[in-house]
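For reference, the structure discussed in these notes is given below.
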């Protein structure tokens, strides 16, 4: 809606009066639409959504009072101002009735041109101020919603899609965005109003730096600027635009890559729209930085976690071994899950454990226990003594910390195996289409002094054993026994090799809230 002219619907059944009022309005620079009856006026109001209605009180079909009431009762037209005008209903009671039934102003004839023009100007001024306030309120509410959605995004693609779709919806213009995630591949998205259809496009690697050179340079901050059509098409040859581009480039700190957000610049953005674009750009830049920091921390955490686990599993004659480590999907901190496979002469020690918590301390304790376990089996093979040593290490040096550990000592040639279990999920034995868990073990490590039992079992040729941490099966809405049974039934159907089964098992439980470690081995002939 232009400030220098408005669309005005004039409703009057007297041709002379209709002509005069329309002439006065056109002289003031307004666009005029005419109607000669109340029903015709209501149809045009709904179709055209005029900025103002000048309405005669006495009409041939329904009264101007009723027309005004219907305009104000309809949510889609209620904000349109109505000036009632009459040469017959001119008493104070008539004017009071008109105002009470929804009119924004009431003029009694004869009306002077200057008075009419001033009344129209004042009514439009109030209407425009109200519409501007309503529009800004809607935009700010949408801005808050889009900002929250951006901060909730879990991936860069989701974040940029949310930002560009929200920008197109708020400003009602084609929108586009570019950002550089840690993987070094510039992301470019575009969205078209009103449905916010988002499309992915390709951008040259230097596009962001060229946009930054047009505005911020290498400085930090936010800059709203206009990119001429020819310069934009040089940057984006595949762009389908009909004019300049209004853009914001934001860099939160020196040395960081900038973020771009832009919209069609025709017609030019007003000050309120430019401010909304600026705020969207700043919110996007902060969200990109936060997600980038999370991704970098997550990568560092994973690198640290994997550095604390065995670099490789030794090849053991007579055994096929599969193992997996899967970090929690939403956890930046390192966890305490671990596994170990060690040659011990003609036998092999297989261990799995879980130190409580997700923190650098948990990872440190996990590493200490692994090293203590390795030291405990030098020159000896007493699982009960090894487990007692681990318990003493935890109680002495990390009071308050607990851990579950299961140790297996297997002779691959004979299948004879010893088991010592400190509070861990029992190993699952699989043979000939049947699967069962071993009995429960002793108290978990770190609680009290304990004598750890050592069980002796036999693993037949072709038999398999599965060990895993509780992160694989723990769900808030399911009993642990139910999940243990799911694993057991899957294992009964073990027909493929161990690697495929490990993948199937991980896939069955999906993304986890806790770290997962598992080791599976099979005696092969």
* To do: Give, in nm to one decimal, the length gained when the segment between residue 256 and residue 461 is fully stretched (0.36 nm per residue of separation minus the Cα-Cα distance).
  => 67.9 nm
* Report the relative contact order of region 100-251, percent, no decimals, based on alpha-carbon pairs under 8 angstrom and at least 6 residues apart. => 12
* To do: Relative to the longest principal axis of the C-alpha atoms of the chain, give the angle of the C-alpha long axis of helix 156-171, reported between 0 and 90° and rounded to the nearest 10°.
  => 10
* Asked: What is the order of 52, 211, fewest Cβ neighbours within 10 Å to most?
  -> 52, 211
* Can you work out the FRET efficiency for the pair residue 476 and residue 155, with r the C-beta to C-beta distance and R0 = 30 Å, to the nearest 0.05? -> 0.80
* Asked: Taking the DSSP beta bridges in the chain as the whole, what percent of them are antiparallel, to the nearest 5?
  -> 80
* Extending each Cα 7 Å along its Cβ direction at residue 39 and residue 312, get the distance between those two points in nm, one decimal. => 9.0
* Which of the peptides 221-234, 278-291, 242-255 is most tightly packed, and how do the rest follow, judged by the mean count of other Cβ atoms within 10 Å per residue? -> 278-291, 242-255, 221-234
* Asked: Taking Cα pairs under 8 Å and at least six residues apart, what relative contact order does region 376-464 come out at, in percent?
  -> 33
* Hey, with R₀ at 41 Å, roughly what FRET efficiency would residue 183 and residue 454 work out to, going by the Cβ-Cβ distance, to 0.05? -> 0.25
* **Beta bridges per DSSP with both ends in region 7-134, % antiparallel, nearest 5** => 0
* **Answer label for Rg/Rh (Cα atoms, Kirkwood Rh) (calculated), chosen among [x] 1.26; [y] 1.10; [z] 1.00** => [x]
* Asked: Where the centroid of each part is defined by its Cα atoms, how far is region 140-172 from region 43-119 in Å?
  -> 41
* **Residue-span extension gain [residue 209 to residue 225] - 0.36 nm each, minus C-alpha spacing** => 4.3 nm
* Structure fact -> Note on the chain: contact order normalised by length, alpha-carbon pairs under 8 Å, 6 or more apart, percent, works out to 9
* Asked: residue 109 versus residue 483, label points 7 Å from Cα toward the beta carbon: distance in nm?
  -> 8.3
* **Estimated inter-spin distance, residue 218 and residue 374, nm [label 7 Å along Cα→Cβ]** => 4.6
* Additional length obtainable on full extension of the chain from residue 240 to residue 382, 0.36 nm per residue less Cα span -> 43.7 nm
* Place a label point 7 angstrom from the Cα of residue 137 along the Cα-to-Cβ direction, then list the residues of region 68-88 whose backbone nitrogen is under 13 Å away. => 79
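Quick note: the coordinates plus some simple rules give every number you see, no bench work behind them. What you see is a predicted model, and the numbers here were worked out from it, not measured in a lab. Methodologically, a virtual Cβ is constructed for each residue, glycine included, from the backbone with ideal geometry; neighbour enumeration extends over all protein chains shown.
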